[in-house]
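Inspection log for the structure reproduced underneath, given as structure tokens.
The values are calculated or read from the model by the stated rules, or taken from the named source; none is laboratory data. Computed from a predicted structure; not experimentally measured. Glycine also receives a Cβ, built like all others from the backbone with ideal geometry; neighbour counts cover every protein chain displayed.
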Amino acid sequence: MLLGLKHLLTAQSSCDVVYTSVDALPEDLEEIDILIVEDEFLARATCLAAQSDGRGTPEIILLSAETQPDEVLHRVNGQRAVSSSAAATTGHHWVTPLSPREQEVLQFIASGMTHDQVARRVGISRHTVDSYVKRVRSKFGVGNKAELTRIALSLKLI
């Protein structure tokens with residue numbers, strides 16, 4: 001599938017495919033205008049990691065195995081038509097970046113601390129910790145601590 005997608009994009013669009021992989025992302029996302037992925041979690045984590053590092057974030061196109069070739073071309077060409085200045089002024093990104101406090105709370109939760117322990121460590125109430133965790137879950141669309149830990153790992157918080 002990966003080779004077919006690469007051929008489609010190079011033969012039927014003006015795209016230059018600069019990186020392909022089934023199990024890793026490129027180190028430098030700043031050189032990439034469009035990132036095509038199949039895993040929604042990976043797409044969100046990639047954008048958050050890039051944003052938290054202050055790097056540029058590519059536009060994300062999320063595909064599935066059922067996506068037809070003409071739909072791929074339509075979506076890629078549609079993304080290429082959007083100027084980077086328009087994307088910068090609208091602030092369009094996959095997800096809102098985590099605040100420093102959300103990152104801190106996520107780091108402690110992912111390292112195995114309870115909400116009460118995090119509250120004592122950070123010097124806030126347990127309810128405030130709950131609010132930060134809910135915000136992180138909402139930004140990523142996740143529901144349990146295992147998924148929160150996976151996010152923390154992908155953001156290199158632990």
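Remarks
- Among residues of segment 103-143 being within 18 Å of the chain's Cα centre (by Cα) and loosely packed, with under 13 Cβ neighbours inside 10 Å, the one that is nearest to Ala45 (Cα to Cα) is Gly141.
- Screening the candidates Val129, Val105, Val136, Val118 for the property of being of a type in the set (A, V, I, L, M), closer than 26 Å to Glu30 by Cα and part of a helix (DSSP H, G or I) yields one hit, Val136.
- Scan of segment 143-152 for residues that are among the aliphatic types (A, V, I, L, M) and in contact with a helix residue (DSSP H, G or I) (Cβ under 7 Å, 6 or more places away or on another chain), ordered by number: Leu148, Ile151, Ala152
- Answer residue from segment 1-48, given it is among the charged types (D, E, K, R) and assigned to a helix (DSSP H, G or I) and is nearest to Asn77 (Cα to Cα) among those: Lys6
- Matching residues, segment 65-77, being modelled with pLDDT of 75 or more and not in a helix (DSSP H, G or I): Glu66, Thr67, Gln68
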